[in-house]
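Heads up: the structure comes next, in structure tokens.
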């Protein structure tokens, strides 16, 4: 949106953003170290709903970003499938987020949808 309104976009290659991504724990696969995020199913819902919305708005204008973001999402999913608990609940939340993103459902989710995502009746 900033570029659309005439702002120049700059990249700071050595910038660091310090914030917590879930409840990361160091795991190893042979010589490789990975840090799964252990996000809640609700967080998986929001991440993927918003990813679909962002791709629908910007993927054609910024294809390199879209490819990078898609690959990042695949990497997050792989770490979740390999190391985290509640896999089926998180996969279900992922797909509900994708569906709601496709249909443009934004804002806070309904109590019904939140119950579906979190597994509460």
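Nothing in this text is a laboratory measurement; each read-out follows from the coordinates by a stated rule. These figures come from a predicted structure and were not determined experimentally. For neighbour counting, all protein chains shown are included, and Cβ atoms are generated from backbone atoms with ideal geometry for every residue, glycine included.
Data overview
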| quantity | calculated |
| --- | --- |
| Residues 83, 5 arranged by fewest to most Cβ contacts within 10 Å | 5, 83 |
| Theoretical ellipticity at 222 nm over the chain - DSSP helices of four or more residues, -39500 (n - 2.57) apiece, nearest 500 | -17000 deg cm²/dmol |
| Relative contact order %, the chain, counting alpha carbon pairs below 8 Å whose residues are six or more apart | 29 |
| Simple label model, 7 Å out from Cα along Cβ direction - residue 72 to residue 2, nm | 1.4 |
| Option label - Rg/Rh (Cα atoms, Kirkwood Rh) computed here, alternatives [x] 0.94; [y] 1.01; [z] 1.34 | [y] |
